[in-house]
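What follows is calculated from the coordinates using simple rules that are stated; it is not laboratory data. Quantities reported herein were computed from a predicted structural model and do not represent experimental measurements. Cβ coordinates were reconstructed from backbone atoms using ideal geometry, including for glycine residues, and neighbour counts include every protein chain displayed.
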């Protein structure tokens, strides 16, 4: 699962950003031409984890408690997570990445809505929604807060959270193959990429040097043309005009709010 990513931000949807692995998955799978999400991190995750509308799951907006039904800021106990459901079917359940479906994020808890208390057996990742890719806040292994420096189980040469999520997910599968190879497995991999902050490795920054020098209008026009070539949008569609002068934008107040 990606985070706050625009649909045209990957190669198979017209992007200039190189995403060969995702493109390969798309080429051998399905690409939707019409789809919806809840447009925010945690409501989307709440729906994905429970199969319910976000308000039914308890996170209608964000993870703050507004003391209203559907806006309590964490998963309700009247909904079942996919991990809890699969537990009844004998699955092993692992998670690597961002949780962000609870209002309780301090190390002292309460932790009743953390991954291990909602059906997962192993967890590596962060409880909150976003943070540094080099020193992520609320980083945990299972129920224990850790840091990249004191984590005895994972010490890469260069720590980068996106890579750490992937590496620990692979480790969970390797451990599963050794420990219980006869059991079915469910692995939930939940990235913070491409959510702010815009932290990228130096080699990735260098790879795209000059690509965006033409500005936003040039990039969006090229992506729009590519979407037509790929058959993902109708060829008779016109690209909406961009407001060149922000101070003269006709719907500035609406744009600021949204």
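Maximal additional length on extending the residue 68-residue 19 stretch stands at 13.5 nm, based on 0.36 nm per residue less the C-alpha distance.
Pick from 204, 163, 65: which residue has the top mean-square fluctuation in a GNM of the chain where Cα pairs under 10 Å get a spring? In this elastic network of the chain, the residue with the biggest mean-square fluctuation among 204, 163, 65 is 204. Given their separation in residues at 0.36 nm each and the Cα-Cα distance between them, residue 224 and residue 7 gain 77.0 nm when the chain is fully extended. Helical runs (DSSP H, four residues minimum) scored at -39500 (n - 2.57) apiece and divided by the length of the chain put the mean residue ellipticity at 222 nm at -8000 deg cm²/dmol. Panel order for 192, 171, 158, by other beta carbons found within 10 Å of each beta carbon, from fewest to most: 158, 171, 192. Helix 41-50 and the longest principal axis of the Cα set of the chain meet at an angle near 50°. As a rough footprinting exposure proxy, the listed residues 99, 114, 196 were ranked by other beta carbons within 10 Å of their own, and the order from fewest upward is 196, 114, 99. Taking the Cα atoms of the chain, the ratio Rg/Rh between the radius of gyration and the Kirkwood radius comes to 0.99. Model label points for residue 104 and residue 78, set 7 angstrom from Cα along the Cα-to-Cβ axis, are 2.0 nm apart. Working from Cα pairs under 8 Å separated by at least six residues, relative contact order for the chain is 18 percent. By the count of other C-beta atoms within 10 Å, a proxy for reagent exposure, 162, 63 are ordered fewest to most as 162, 63. Beta bridges from DSSP with both residues in the chain: antiparallel share about 35 percent, rounded to the nearest 5. Could you let me know the centre-to-centre spacing of the range 162-194 and the range 52-96, using Cα atoms, in angstrom? Spelled out, the Cα-based centre of one part sits 21 Å from the other. Go ahead and collect, in residue order, the members of the range 117-150 whose backbone nitrogen is under 18 Å from a label point 7 Å along the Cα-Cβ direction of residue 196. Output list for this probe position: 128-137. Extending 7 Å from the Cα toward the beta-carbon at both residue 141 and residue 162 defines two label points whose distance is 2.4 nm.
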